[in-house]
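Working notes, beginning with the structure itself.
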Amino acid sequence: MLLQANGITKLYGITPVLEGIHLQILERERIGLVGVNGAGKSTLLQILAGEISYDGGQIFKAKETTVGYLAQNSGLQSDRTIWEEMLSVFTPLIEAERELRQLEQQIADPASSEDPKRYQDLLDRYAVRSDWFKDHGGYEMETRIRSILHGMGFGSFSPDTLISTLSGGQKTRLALARILLQAPDLLMLDEPTNHLDIATLTWLEDYLRGYSGALLVVSHDRYFLDRLVTTIVEIERHQSKRYTGNYSKYIELKAAEYESELKQYEKQQDEIAKMETFIQRNLVRASTTKRAQSRRKALERMERLDKPMGDLKKAHFSFEVEYMSGKEVLQVNDLSVAFEPGTYLFRHVSFDLRRGETVALIGPNGIGKSTLLKCLIGDMKPASGAFQWGTKVKIGYYDQEQSELNPDNTVLEELWSAYPHMEEARIRTVLGNFLFSGEDVLKKVGSLSGGEKARVSLAKLMLLEANMLILDEPTNHLDLFSKEVLESALIDYEGTLLFISHDRYFLNKMAERIVELHPDGALHFLGNYDDYTEKKLELDEMNNEPSDPFARTGPKNEAKPESLPEKRGATSFEADKQAKREERSRQRRLDSLEQQIHAMESEIAELEAEMAQPEVYQDYVALQERQQAAETKKSQLEQIFAEWEALLEE
C-alpha cells in the first residue's frame, strides 16, 4: 500500500467540503476521482500532496514513497530552455555521471596504480556508481526526454526554446511532461487532459496505461477514464465511495445500487404502513391491545431507511429554434487564413452544411480551428476564398474563452443586458435551470469558476433560439453530469450544429460527419469518432504508412486533402443520417414511455394503499371506485409495456 487516508475532513469556515473521506491506494493501481464541480476533488488532491492542511482524519504514507502532484492548468514557470528544464529532473543522474567521468580519469592516471589498495577502492567505487547509474536509467535519460517531449507535442520545437516564450497551454503541457519524467511512485493529476489535442491525448493514455507507479486522476474525460482507470472513487455530498471498474462500469453499478436501495426503502415503507394500520385498528380493542402495543414498540425500535436520493441537482435545458433555416445552410469555398502575407495558418478549405446536420471540426492544436469559426461569424477576415450563409440562418456562437461575458456584471445582469425586454421572472427561471438560484444570481461573473461561466454562456445561447449553433469546445469546464445534460439537449436540437471538440466521447455521441483541418485543406469523414479512426487506418494502409489513426498530419503523398475518396457515397450518407435520426426518435419515445410507466406504477400503488385504509375498505362505493380506477390503469400500463418492449426489440 502506497497511501491511506482515513476520515479526512476539511472545512472552509464552518462549511464542510469533505467529511470523513476514506481512500486507499495500492501499487500500480489506477483510480479515477469523480464528482460534480465543487465536490472537493481538487481539495482532496491538495491535501494528499501536502499543499493544504486538513481539519480531521489521518494520512499514512511510507517514507520511501514518492508522490508527484500536478494541479489543474498549472503551467511551468521557468527561465530555462525546454531541454535544460527537462534535464534538471535527472540532476542526481547527471551528478553521478560527472562522478563517473572523474573516477575514469583517476583510474587512467598512472599514479593511482602505485597504491594497490587505493586503486582497488577506485575500481570498487566505479563499479558501484556505474551499476547505480545504469539501474536508475542513466543511459536512457536523453531518450526518455525526447520521447516524452515528442508525445506531448513538442517534437518540432527546438530544445533551446525558452519556456518563458511559450503560451499558457504549452506551459501546462510541459509541466505534465516534466512530472512524467520524474515518474513518482504515486502520480496525482488534476484534469491532465485540458489543452491536449486528440493525438496527444491518445499518446498520454497509452503512456499512463504502461506507467510503473500508481495513478490518482481527476478527469471529466469519459473516454480517458474508460481506457485508463480500473477503480472509481466518487465524492458526493462530502463523502467518498469506491467502485470497481472504469467509468462506464461505475455508472452501471451506481444505477443498480440506487434501484436496490429504492426497493429496500419502498419495502420498508410498505411494512411501516401495514404496522401503523394494524395499530390504529387494534389499539382500541381490548382483545388486541397488547399486540398493537407490541407492534408500536417494534415500530419505534425500527431503524428507518432514508429515501435514496437520485442524481444530485442537475442543470436541465433545451435548445429551441425560433424559425427554420433554408436547406442549404453554409457553403465554404477555398478559404485561407494568413496572419502575415504569404504565411498561411491554413488554406484551400472547402465544406458545406445542410439543415439539421451535426458536423465536428477537429485537428491538432494551433491548426486554426477556432480561427475558422471566427471567420464564419465575422470576427476575422480570411486572406482568400469565400463563404456564403443560406437563407434565414440565425447563428448562435459559443466561445470557449467566454470572452463575451462581462466580468463586472452579476449573473442576472449578464442575461438581462443581452435580453432587456425579457421579464425578470423568466430570466431567473432560466438561470435556475442552469443551477443559479437565490443569491447565486447576484454573483459577479468575474468571480465564477470555469464551469459556472460555461453555464452562463449556455444560458444566453439557449435564450437566443438560433437555428445554427457554432460551438467552440462546449464541454470544457463542464463536469460529467453537465456534459450529459448538454448532449441530451443537442441530440434533441432541430437546427444545424458545427462544433469543435477534443472530447472523444462527445464526438462519438454527437458527430454525424467530421471535418479534419490541415494546413493545406480539409479531410471529410462520414460518421462519428470511431468511424473516423477506422477510416484513418484504412487510408494509412492505402498509403503504405504505419497504422497511426491519430497522426498529426495527413498522408504524405496526398496532394489535396479534399481529393481523398469517401468510403460511402452521398446516398449512403443520407441513409446513415436518417437512421441516426430514427434512432434518436426511438430513444426519445423509450424515455417518454419509461416516465409514463414510472408515473402509472406510482398511481396504482397509491390507489392500492388507499384501498387498505379503514375509511375506504369499509365504504363499498369508495372501494369499488378505486378498484375500477386501478384496473383501468393496469390495463393502460400493459399497453404501454407492450409498446416499450416492441421498441426495445427494434
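The values are calculated or read from the model by the stated rules, or taken from the named source; none is laboratory data. What you are looking at is a predicted structure, and each value in this text was computed from that prediction instead of being measured. Virtual Cβ from ideal backbone geometry, glycine too; neighbours counted across all protein chains shown. Heads up: the accessible areas ignore ligands, DNA and RNA and are worked out on the full protein's heavy atoms, side chains in. Shrake-Rupley method; radii C 1.70, N 1.55, O 1.52, S 1.80 Å.
Just the residues that are hydroxyl-bearing (Ser, Thr, Tyr) and in contact (Cβ under 8 Å) with a residue 12 or more places away in the chain, please, taken from the range 61-113.
Initial filter on the range 61-113 (hydroxyl-bearing (Ser, Thr, Tyr)): 65-66, 69, 74, 78, 81, 88, 91, 112-113.
Passing the criteria: THR65, THR66, TYR69, SER74, SER78, THR81.
Considering the range 3-51 alone, what residues qualify as being open to solvent by 20 Å² or more (accessible area, probe 1.4 Å) and in a loop (DSSP other than H, G, I, E, B)?
Hits for the range 3-51 are GLY13, ILE14, LEU26, GLU27, ARG28, GLU29, VAL36, ASN37, GLY38, ALA49, GLY50, GLU51.
Give the residues of the range 205-253 that are assigned to a strand (DSSP E or B) and either within 25 Å of GLU516 (Cα to Cα) or open to solvent by 40 Å² or more (accessible area, probe 1.4 Å) (or both), sorted by residue number.
Looking only at the range 205-253, we keep the residues that are assigned to a strand (DSSP E or B), and these are 214-218, 231-236, 239-244.
Passing the criteria: GLN239, LYS241, ARG242, THR244.
Out of all the residues in the range 187-204, is one or more of a type outside the set (Gly, Ala, Ser) and surrounded by fewer than 17 Cβ atoms within 10 Å (Cβ to Cβ)? Explain how you work it out, then say what you get.
Going through the range 187-204, the residues of a type outside the set (Gly, Ala, Ser) turn out to be 187-198, 200-204.
Of the ones still in play, those that are also surrounded by fewer than 17 Cβ atoms within 10 Å (Cβ to Cβ) are none.
Looking through the range 187-204, none of the residues is of a type outside the set (Gly, Ala, Ser) and surrounded by fewer than 17 Cβ atoms within 10 Å (Cβ to Cβ).
Surrounded by fewer than 16 Cβ atoms within 10 Å (Cβ to Cβ), on the phi > 0 side of the Ramachandran plot, outside any strand (DSSP E or B) and at pLDDT 90 or above - does that describe any residue in the range 72-95?
Initially, the range 72-95 is screened for residues surrounded by fewer than 16 Cβ atoms within 10 Å (Cβ to Cβ), giving 72-74, 77, 79-80, 84, 88, 91-92, 94-95.
Narrowing further to those that are on the phi > 0 side of the Ramachandran plot: 73.
Those still in the list that are outside any strand (DSSP E or B) too: 73.
Now restrict to residues that are at pLDDT 90 or above: none.
Scanning the range 72-95 turns up no residue that is surrounded by fewer than 16 Cβ atoms within 10 Å (Cβ to Cβ), on the phi > 0 side of the Ramachandran plot, outside any strand (DSSP E or B) and at pLDDT 90 or above.
Taking the residues in the range 383-398 that are in a loop (DSSP other than H, G, I, E, B) and modelled with pLDDT of 90 or more as candidates, determine which candidate is surrounded by the fewest Cβ atoms within 10 Å (Cβ to Cβ). Can you show your working first?
Let us first name the residues in the range 383-398 that are in a loop (DSSP other than H, G, I, E, B), namely 383, 390-394.
Subsequent filtering for residues that are modelled with pLDDT of 90 or more retains 390-394.
Numbers: GLY390: 18, THR391: 9, LYS392: 14, VAL393: 18, LYS394: 17.
Looking at the filtered set, the residue picked out is THR391.
Within the bounds of the range 469-487, is there any residue that is open to solvent by 30 Å² or more (accessible area, probe 1.4 Å), under 24 Å from ILE377 (Cβ atoms) and not in a strand (DSSP E or B)?
If we filter the range 469-487 for residues that are open to solvent by 30 Å² or more (accessible area, probe 1.4 Å), which is where we start, we get 476-477, 481, 484.
If we keep only those that are under 24 Å from ILE377 (Cβ atoms) as well, we get 476-477.
Within this subset, residues satisfying the condition of being not in a strand (DSSP E or B) are 476-477.
Yes, the range 469-487 contains at least one residue that is open to solvent by 30 Å² or more (accessible area, probe 1.4 Å), under 24 Å from ILE377 (Cβ atoms) and not in a strand (DSSP E or B).
Report yes if ILE59 is part of a strand (DSSP E or B), aliphatic (A, V, I, L, M) and at pLDDT 90 or above, otherwise no.
Working: part of a strand (DSSP E or B): yes; aliphatic (A, V, I, L, M): yes; at pLDDT 90 or above: yes.
The answer is yes for ILE59.
Output the residues belonging to the range 488-502 that are touching a residue at least 40 places away in the same chain (Cβ under 8 Å), surrounded by fewer than 20 Cβ atoms within 10 Å (Cβ to Cβ) and among the hydroxyl-bearing types (Ser, Thr, Tyr).
Pass one, the range 488-502, residues touching a residue at least 40 places away in the same chain (Cβ under 8 Å): 489-502.
Right, trim to surrounded by fewer than 20 Cβ atoms within 10 Å (Cβ to Cβ) and you get 489, 491-494.
Answer for the range 488-502, where residues must be touching a residue at least 40 places away in the same chain (Cβ under 8 Å), surrounded by fewer than 20 Cβ atoms within 10 Å (Cβ to Cβ) and among the hydroxyl-bearing types (Ser, Thr, Tyr): just TYR493.
Looking only at residues in the range 274-299 that are assigned to a helix (DSSP H, G or I) and of a type in the set (Ser, Thr, Tyr), which one is modelled with the lowest pLDDT? I'd like the intermediate steps shown before the answer.
As a first pass, look at the range 274-299 and keep what is assigned to a helix (DSSP H, G or I): 274-282, 289-299.
With of a type in the set (Ser, Thr, Tyr) added as a condition, the list becomes 277, 289, 294.
Working: THR277: 84, THR289: 75, SER294: 83.
This residue is THR289.
Within the range 430-455, count every residue that is surrounded by fewer than 22 Cβ atoms within 10 Å (Cβ to Cβ) and part of a helix (DSSP H, G or I). First the steps, then the outcome.
Start the filter on the range 430-455 by keeping residues that are surrounded by fewer than 22 Cβ atoms within 10 Å (Cβ to Cβ), which leaves 430-433, 435, 437-453.
Remaining after also requiring part of a helix (DSSP H, G or I): 430-433, 438-442, 445-447, 450-453.
Adding up the residues that qualify gives 16.
How about the range 140-171: which of its residues are exposed (fewer than 14 other Cβ atoms within 10 Å of the Cβ) and among the polar types (S, T, N, Q)?
Hits for the range 140-171 are THR143, SER156, SER158, SER164, THR165, SER167.
Filter the range 196-246 down to the residues that are closer than 18 Å to ASN476 by Cα and of a type in the set (A, V, I, L, M, F, W, C) and list them by number.
Within the range 196-246, LEU196, ILE198, ALA199, LEU201, VAL217, VAL218, PHE224, LEU225 meet the criteria.
Hey, can you tell me all the residues within the range 347-370 that are open to solvent by 20 Å² or more (accessible area, probe 1.4 Å) and either free of Cβ contacts under 8 Å to residues at least 60 places away in the same chain or over 23 Å from SER167 (Cα atoms) (or both)?
ARG347, HIS348, SER350, ASP352, ARG354, ARG355, GLY366
Can you go through ILE427, ILE470, ILE377 and tell me which one is modelled with pLDDT of 90 or more, within 21 Å of VAL321 (Cα to Cα) and in contact with a helix residue (DSSP H, G or I) (Cβ under 8 Å, 6 or more places away or on another chain)? Walk me through how you get there before you give the answer.
Values: ILE427 fails: modelled with pLDDT of 90 or more; ILE377 fails: in contact with a helix residue (DSSP H, G or I) (Cβ under 8 Å, 6 or more places away or on another chain).
The unique qualifying residue is ILE470.
Of the conditions (1) at pLDDT 90 or above; (2) surrounded by fewer than 22 Cβ atoms within 10 Å (Cβ to Cβ), ALA177 clears all except one; give me its number.
(2)
Can you name every residue in the range 511-546 that is part of a helix (DSSP H, G or I) and touching a Leu at 6+ places or on another chain (Cβ under 6 Å)? Write out each step before concluding.
Let us first name the residues in the range 511-546 that are part of a helix (DSSP H, G or I), namely 529-542.
Scanning the range 511-546 gives a single hit, TYR529.
Enumerate the pairs (first residue in the range 444-469 and more than 26 Å from GLU328 (Cα to Cα); second residue anywhere and of a type in the set (Lys, Arg)) with beta-carbon separation below 7 Å, excluding pairs fewer than 6 apart on the same chain, so at least 6 apart or on different chains.
Matching pairs, first to second residue: VAL445/LYS453.
Cβ-Cβ distance below 8 Å, separation of 6 or more or different chains: which pairs start in the range 400-420 with a residue that is closer than 17 Å to HIS477 by Cα and end on one that is at pLDDT 90 or above and not charged (D, E, K, R)?
Within 8 Å, the pairs are GLN400/SER370; GLN400/PRO474; GLN400/ILE500; GLN402/VAL456; GLN402/SER457; GLU404/SER457; LEU405/VAL456; LEU405/SER457.
State whether one or more residues within the range 36-45 are over 27 Å from LYS254 (Cβ atoms), out of contact with any strand residue (DSSP E or B) (no Cβ under 7 Å at 6 or more places or on another chain) and in contact (Cβ under 8 Å) with a residue 24 or more places away in the chain. Steps first, answer last, please.
Of the range 36-45, the ones over 27 Å from LYS254 (Cβ atoms) are none.
So far as the range 36-45 goes, no, none of its residues is over 27 Å from LYS254 (Cβ atoms), out of contact with any strand residue (DSSP E or B) (no Cβ under 7 Å at 6 or more places or on another chain) and in contact (Cβ under 8 Å) with a residue 24 or more places away in the chain.
If you go through the range 228-243, how many residues are over 12 Å from GLN24 (Cα atoms) and of a type in the set (Ser, Thr, Tyr)?
Here the count works out to 2.
With the requirement that a residue be surrounded by 15 or more Cβ atoms within 10 Å (Cβ to Cβ) and at pLDDT 80 or above, what does the range 604-624 give you?
Answer for the range 604-624, where residues must be surrounded by 15 or more Cβ atoms within 10 Å (Cβ to Cβ) and at pLDDT 80 or above: ILE604, LEU607, GLU610.
When the range 156-196 is examined, which residues are found to be touching a Leu at 6+ places or on another chain (Cβ under 8 Å) and of a type in the set (Asp, Glu)?
ASP185, ASP190
Against the definition (under 30 Å from PHE154 (Cα atoms) and open to solvent by 10 Å² or more (accessible area, probe 1.4 Å)), how does TYR344 come out, yes or no?
Values: under 30 Å from PHE154 (Cα atoms): yes; open to solvent by 10 Å² or more (accessible area, probe 1.4 Å): yes.
In short, yes.
Take the residues in the range 120-139 that are surrounded by fewer than 16 Cβ atoms within 10 Å (Cβ to Cβ) and among the aromatic types (Phe, Trp, Tyr), then tell me which one is farthest from LEU174 (Cα to Cα).
So the residue we want is TRP132.
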